Structures are given as structure tokens and as C-alpha cells.
Amino acid sequence: MAIDGIIAQLDAEIARLKQVRNLLSETGKVEAKISAVKGKPGRKPAAKVGRPAKAKTSGKRVLSPEARKAIADAQRRRWAAQKAKA
């Protein structure tokens with residue numbers, strides 16, 4: 001009789017382990033689906049169609065001499081207008 005009790009306990013433990021295994025395998029599938037929907041972390045977004053991708057060289061912007069002159073002239077006009085009001 002003791003052997004029958006042990007076998008019954010083993011069968012119950014095997015059933016419990018199979019249930020846990022199924023739950024864990026389903027969790028992996030759910031996590032894979034979630035990461036597929038969210039996208040992988042650190043992944044760069046796709047480039048827009050019709051626009052060439054820019055090569056990022058540095059964080060500093062570069063203005064052409066003409067643009068720099070136009071900005072300086074506009075600022076001088078603003079200063080002159082402020083000075084004329086005072």
C-alpha cells in the first residue's frame with residue numbers, strides 16, 4: 001500500500017510540474033508578442049520614405065557665412081530699434 005501512495009504522490013507532482021511548465025511556456029510566448037508590438041529597446045526608428053538619412057557627425061550646428069551675416073544684421077536692426085525708443 002505504501003508504494004501505491006508514493007506512486008499517487010509522484011503522479012500528482014508530475015501533473016503539477018506539467019502545469020507549471022505549460023504556464024511558463026505560455027508566459028514566454030506572451031512576452032515575445034509584447035516585445036514584438038513594443039519594439040526592441042534601443043532600436044532606431046525606420047527612416048521616412050523619400051528622405052535621405054542624415055549622417056550625424058556632431059551635435060554642433062554649422063551656419064553658412066551668409067546665414068550668419070543675415071542673423072547679425074537682423075540683431076543690429078533690433079538693437080537700433082531699441083536704442084531709438086530709449
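Does segment 48-64 contain any residue that is surrounded by fewer than 10 Cβ atoms within 10 Å (Cβ to Cβ) and modelled with pLDDT of 90 or more? Among the residues of segment 48-64, at least one is surrounded by fewer than 10 Cβ atoms within 10 Å (Cβ to Cβ) and modelled with pLDDT of 90 or more, which makes the answer yes. Taking every residue in segment 59-81 that is part of a helix (DSSP H, G or I) and pairing it with any residue that is at pLDDT below 95, at least 6 positions away or on another chain, the pairs with Cβ-Cβ distances below 9 Å are Ile71/Leu63. Scanning segment 66-84 for residues that are of a type outside the set (Lys, Arg) and open to solvent by 100 Å² or more (accessible area, probe 1.4 Å) gives Glu66, Trp79, Gln82. For beta carbons closer than 8 Å, sequence separation of 6+ or different chains, a first residue in segment 1-27 that is part of a helix (DSSP H, G or I) and a second that is β-branched (Val, Ile, Thr) and open to solvent by 90 Å² or more (accessible area, probe 1.4 Å), there are no qualifying pairs.
The values are calculated or read from the model by the stated rules, or taken from the named source; none is laboratory data. What you are looking at is a predicted structure, and each value in this text was computed from that prediction instead of being measured. As a convention, Cβ positions derive from the backbone with ideal geometry for all residues, glycine included, and neighbour counts pool all protein chains shown. Accessible surface areas use protein heavy atoms only, side chains included; no ligands, DNA or RNA. Shrake-Rupley method; radii C 1.70, N 1.55, O 1.52, S 1.80 Å.
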